[in-house]
Amino acid sequence: MSHFMYDVMGGTVDEPDPETRGRVLDGLADADDEHPDVSLTHESGWSVSAFQDGLLIWENPDDDATPPGEMREVTREDTLRIFGLLASGDVAAVEALPWQR
């Protein structure tokens with residue numbers, strides 16, 4: 001399954017392995033108002049965006065039937081776990097998480 005990440009400055013990282021996903025997430029230490037998040041996007045169009053304060057946003061801009069979901073105060077470890085699920089293509093497992101809509 002194909003996936004990619006945007007780092008905090010908007011650079012693209014293709015097919016990041018778990019270690020690289022961790023480094024991209026750690027880049028949130030340099031987040032600012034213009035560059036507030038990092039994200040992982042799966043080829044299906046689903047993506048998870050992570051913010052410095054622990055906010056995650058789950059969305060598929062191409063799917064008007066499903067509104068975006070949010071989770072707050074998500075730990076680094078849980079964020080990496082969710083990134084891993086999406087990277088492996090397990091969209092159903094990510095969708096099943098307790099997203100607030």
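Every read-out reported here was derived from the displayed coordinates using simple, explicitly stated rules and does not represent laboratory data. These numbers come from a predicted model, not from an experiment.
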Tell me, what HN-Hα J-couplings in whole Hz come from the Karplus equation 6.51 cos²θ - 1.76 cosθ + 1.60 at θ = phi - 60° for each residue of region 49-62, using x for Gly and Pro?
9, 10, 10, 4, 7, x, 6, 10, 10, 10, 7, 9, x, 8
Could you give me the ³J(HN,Hα) list for region 84-101, computed from phi with Karplus coefficients 6.51, -1.76, 1.60 and θ = phi - 60°, whole Hz, x at Gly and Pro?
x, 4, 5, 4, 7, x, 8, 4, 4, 5, 5, 4, 6, 5, x, 6, 8, 10
Could you give me the radius of gyration and the Dmax of the chain, taking only the C-alpha atoms into account and expressing both in angstrom?
12.3, 34
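From the helices alone, meaning DSSP H stretches of at least four residues, give me the mean residue ellipticity at 222 nm for the chain, per-run term -39500 (n - 2.57), in deg cm²/dmol to the nearest 500. Don't jump to the answer; show the numbers that get you there.
Numbers: 3 runs with 26 residues, N = 101.
When only DSSP H runs of four or more count, the value is -7000 deg cm²/dmol.
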Computed ³J(HN,Hα) along region 12-28: with the Karplus parameters 6.51/-1.76/1.60, θ = phi - 60°, integer Hz and x for glycine or proline, the list is 9, 10, 7, 6, x, 7, x, 5, 5, 4, x, 5, 5, 4, 5, x, 4
